[in-house]
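Novice: Below: one structure in structure tokens.
The values are calculated or read from the model by the stated rules, or taken from the named source; none is laboratory data. All values derive from a computational prediction rather than experimental measurement. Quick reminder, even Gly has a Cβ in these numbers, built from the backbone with ideal geometry, and neighbours come from all protein chains shown. These area figures cover heavy atoms from the full protein model, side chains too; ligands, DNA and RNA do not enter into them. Shrake-Rupley method; radii C 1.70, N 1.55, O 1.52, S 1.80 Å.
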Amino acid sequence: MQEAQSVSVKKKRKGLTLKAQRNLIGYLFVLPALLIFCIFVLIPLIMSVYLSFFESDMFFLSMEYVGFDNFAQVFQDSLYWTSILNILCYTLMAVPMNIILSMILALLVNSDRRGVKAYRFLFYLPSVTSTVAASTVWLWMMNTSYGLLNDIFALFGLPGGTWLTHSSTALVSVTLVTVWQGVGANMIIFVAALQNMPTQVYEAAKLDGAGPLTIFFRITFPLIAPTMYFILTMTLIGAFQLYDQIYVLTSGGPANATLTPVYLIWQNSFGTNAGRQAGYAAAQAFVLFLIIMIVNLLIRRLDKKVNG
Amino acid sequence: MTELKANTALPAPQDAAAQTPAPQLDPDAVRARRKRKAVRIVYLVLIYFVMSFLALAMVLPFYWSLITSLRPDSEIYALPITWFPSSFTIEHYTYVFETIPFWNMLANSLITTLVGVFTNLFFGSLAAYAFSKIRFTGHKIIFNIMLLSMMVPGVITLIPTFYVLLHFPFAGGNDILGNGGIGFYDNLGAVILPGCIGVYGIFFMRQFFASLPDDLAESARLDGANDFTIFFRIYLPLVIPGLLTLGIFTFQSGWNNFMWPNIVLQSPQNQLLTMAFKFFKTTLSTDYGPLMAISILMSIPIVIIFILMQKYFIRGVALGGIKD
């Protein structure tokens, strides 16, 4: 047994150079990941590019080449741009709210004060539960007749809100739900970043008589900027793909007020609108990708200006 | 109470000052210190007040779903709303168990999630190790292509992925060319396979391997250990905090997976728990009692896991989540 092994080692050394051996082992290690990546990411991506130039059903059966017609149609489709406008509005509300609130939460729980761990746990709890479960609960909380939120409003003498049932309030209500569920995760990342910070800097600043606000804006914020950029990018990418909450809370209504691009694309691919829309849905998805990339590039530019 | 304490503490330093004239004990300094202490107390009270208020807002939906799931319909749909149930019932839970194949769905959710956790951790760290420690030819290009793909929104590949699974060779009555059957349609494989090795996991674990020195392997290699032994015996034990964190992330996303299972799983006994709500929320009516019962049932496993793993979780994020 031992002999056989040593023979095989010798053979390997003779047959392959050290570099080739490393390559062989390296590729063996990444092979499963590479295989899955190719089958379920790379190949579908290429197929999707191909599909976007055809009028087709979702089974790739009766395909008819239409060139750039699908893309041209996307730019004239007012429903699509309604959904883009919705998601931009949503992003502009949800992302800053999420980041500011999670930052505040992180600052509150980043200490050794008594009971802080319990608070940290409670703040994170919504992030743990499933989006679907949380959304059904909020659907119930926002019920206009029997909902808890309107009851709380009444407690303070306020008139009941329309929440998800009116086009003027639906998107804000969805934002409320996603922010409630999203701040915990970002808070954890901020806490992690805060705990990695050098304590001497703070002590020096305190000795120099700096107040908490000065410390935050002059020391904490610049030091935490890379984390901020990471969170901003991740939250943005997530926000642009809003779907689960819409499925449960509003189905895109009322009057398309909460229709998001991903929900629309899903409808065109598999939902009630599906039919010969598969190619068109692919084109819609690529335009969405383009918009996400543009927004990300803008953020990166901003980051370069701020962080150098 | 605290004010009182400050007052009673006051005479002592003054006495001391009379006996030994130390500069820091003059009345002005004492007053300043007292003021500072009062400010700090007000500040603390304010912080705890804000934290408690926010915590209440975070927890209120959990409370509301719990009590809704435990009170009879006559009380759920009654005005004025009462904040505490006056009678308890488990009828919504029994109704859930009778109406949907709950245990099947629970098993499906557990299987897809746990298999996903295992494959992501195992194959993900294998690849991550190779990317950061073996540095084979082309490792940079492959890794960067994978990273770029994270930017691509998942909707782009919905239809093609569906096609690939439908025409998967030898699955669901398919021949070698992937024709003739239904492939992985309405099969848990359709949920497990596409998510079994995520790029995010590879990226995440690579951070951990990259922080370990290369020469750990040298002596073992001189002793004749092969790369698999080195990986399992030396490097893998050192990245356990990272594995635990990634495990929680993966469990969470698997447990919450909704959009894709909702597309590929057709029959109720093959569906996941996240799809259970659809049985009680139709276009015609929404039955909140059972819906809240499902929400509670779905939340229990993940909350338990989080409580058990909380310690590793925050540490893991701090160690590996945010370096670039």
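Novice: Under 10 Å, Cα contacts only: if you run a Gaussian network model on chain B, which one of B:VAL39, B:VAL117, B:VAL50 comes out with the highest mean-square fluctuation?
Specialist: Maximum fluctuation in the GNM of chain B, among the listed residues, is at B:VAL39.
Novice: How large is the accessible surface per residue of region A:71-307, computed with a 1.4 Å probe and reported in Å² as a whole number?
Specialist: 43
Novice: Using a 10 angstrom cutoff on alpha carbons, build the Gaussian network for chain A and name the most mobile of A:LYS117, A:LYS19, A:LYS206.
Specialist: Sorting by GNM fluctuation, first place goes to A:LYS19.
Novice: Going from most exposed to least, what order do A:CYS89, B:CYS196 have by accessible area with a 1.4 Å probe?
Specialist: From most exposed to least exposed: A:CYS89, B:CYS196.
Novice: Please work out how much accessible surface A:THR233 shows to a 1.4 Å probe, ignoring ligands, DNA and RNA, in Å² rounded to 10.
Specialist: Accessible area of A:THR233: about 20 Å².
Novice: On the full set of protein chains, 1.4 Å probe, figure out the accessible area of A:TRP81 and give it in Å² to the nearest 10.
Specialist: About 80 Å², rounded to the nearest 10.
Novice: If R₀ is 25 angstrom, what is the calculated FRET efficiency for the pair A:SER145 and B:LYS278, using the beta carbon separation as r and rounding to 0.05?
Specialist: 0.65
Novice: If you don't mind, there's one more thing I want to ask. Counting only C-alpha contacts under 8 Å and six or more residues apart, can you give the relative contact order of region B:200-305 as a whole percent?
Specialist: 21
Novice: Taking only DSSP H segments of four or more residues, each worth -39500 (n - 2.57), what value at 222 nm results for the protein assembly as shown once the sum is divided by all its residues, to the nearest 500 deg cm²/dmol?
Specialist: The helix contribution divided over the protein assembly as shown gives -21500 deg cm²/dmol.
Novice: In whole Hz, what ³J(HN,Hα) sequence does region B:239-256 give by Karplus (6.51, -1.76, 1.60; θ = phi - 60°), x for Gly and Pro?
Specialist: Values, residue by residue: 10, 4, x, x, 4, 5, 5, 4, x, 5, 4, 5, 4, 4, 6, x, 5, 9 Hz.
Novice: Please give the total accessible area that chains A and B bury against each other, computed with a 1.4 Å probe and expressed in Å² to the nearest 100.
Specialist: So the total buried area for this chain pair works out to about 8700 Å².
Novice: OK, next. If you average 1/r across every pair of different Cα atoms in region B:77-149 and take the reciprocal, what Kirkwood value do you get, in Å?
Specialist: 17.4
Novice: Please check: in the Gaussian network model of chain B (C-alpha springs, under 10 Å), which one of B:GLY154, B:GLY189, B:GLY172 has the largest mean-square fluctuation.
Specialist: Looking only at B:GLY154, B:GLY189, B:GLY172, the largest GNM fluctuation is found for B:GLY154.
Novice: With bins 10 Å wide starting at 0, give me the P(r) of region B:145-186 over every alpha carbon pair, in whole percents.
Specialist: Spelled out per bin, shortest first, that is 33, 34, 25, 8.
Novice: In addition: Sorting B:LEU272, A:LEU79, A:LEU18 by accessible area (1.4 Å probe), largest first, what list results?
Specialist: Sorted by accessible area, descending: A:LEU18, A:LEU79, B:LEU272.
Novice: Cα convex hull of region B:89-230: mean projected area in nm², to one decimal?
Specialist: Result: a mean projected hull area of 14.1 nm².
Novice: Additional query: Let me test this: with uniform point scatterers at the alpha carbons of region A:215-308, what is the Debye-based log₁₀ I(q)/I(0) at q = 0.12, 0.17, 0.23, 0.24 1/Å?
Specialist: At q = 0.12, 0.17, 0.23, 0.24 Å⁻¹ the computed log10 ratios are -0.54, -0.82, -1.12, -1.18.
Novice: Please work out whether chain B counts as rounded, prolate or oblate from its C-alpha gyration tensor, where a ≥ b ≥ c are the square roots of the eigenvalues and a/c under 1.5 means rounded, while otherwise a/b larger than b/c means prolate and anything else oblate?
Specialist: Oblate is the answer for chain B, as a/c is 1.5 or above yet b/c matches or exceeds a/b.
Novice: Give me Rg/Rg_expected for region A:128-181, where Rg uses Cα atoms only and Rg_expected = 2.2 N^0.38 Å with N residues.
Specialist: So the Cα radius of gyration is 1.12 times the expected 2.2 N^0.38 Å.
Novice: Return the equivalent ellipsoid semi-axes of the protein assembly as shown as a descending list in whole Å, where each equals the square root of 5 times an eigenvalue of the C-alpha gyration tensor.
Specialist: For the protein assembly as shown, the semi-axes come out at 45, 38, 24 Å.
Novice: Work out from phi, with θ = phi - 60° and the Karplus expression 6.51 cos²θ - 1.76 cosθ + 1.60, the ³J(HN,Hα) of each residue of region B:183-191, listed in order in whole Hz, and give x for Gly and Pro.
Specialist: x, 8, 4, 6, 10, 4, x, 5, 8
Novice: Summing Lys, Arg as +1 and Asp, Glu as -1, what charge do residues with Cβ under 15 Å from the Cβ of A:PHE123 carry, A:PHE123 excluded?
Specialist: That sum, taken over residues with Cβ under 15 Å, equals +3.
Novice: Using only alpha carbon pairs under 8 Å that are at least six residues apart, calculate the relative contact order of chain A and give it in whole percent.
Specialist: Relative contact order here is 27 percent.
Novice: Relative contact order, percent, of region B:21-173 when contacts are C-alpha pairs under 8 Å separated by at least 6 residues?
Specialist: For region B:21-173, the relative contact order is 10 percent.
Novice: Under the definition of partner shielding as Cβ atoms of other protein chains within 10 Å of a residue Cβ, what is the mean value for peptide A:38-50?
Specialist: Across A:38-50, the average partner-chain Cβ count within 10 Å equals 6.
Novice: While we're on this one: A drop of at least 50 square angstrom in accessible area, chain alone versus all protein chains together, probe 1.4 Å. Which residues of region B:267-300 meet that?
Specialist: B:PHE277, B:LYS281, B:TYR288
Novice: For the pair B:ASP175 and A:LEU28, what calculated FRET efficiency results from E = 1/(1 + (r/R0)^6), where r is the Cβ-Cβ distance and R0 = 22 Å, to the nearest 0.05?
Specialist: 0.15
Novice: Here's another thing I want to ask about it. Binned at 10 Å from 0, what are the whole-percent values of the Cα-Cα distance distribution for region B:189-324, short to long?
Specialist: Here the calculated profile for region B:189-324 is 10, 28, 28, 19, 10, 4, 1, 0.
Novice: What whole-number value in Å² describes the accessible area per residue of region B:91-321 for a 1.4 Å probe?
Specialist: Accessible area per residue: 41 Å².
Novice: Quick one: work out Rg over Rh on the C-alpha atoms of region A:71-307, Rh as Kirkwood radius.
Specialist: Ratio value, two decimals: 1.04.
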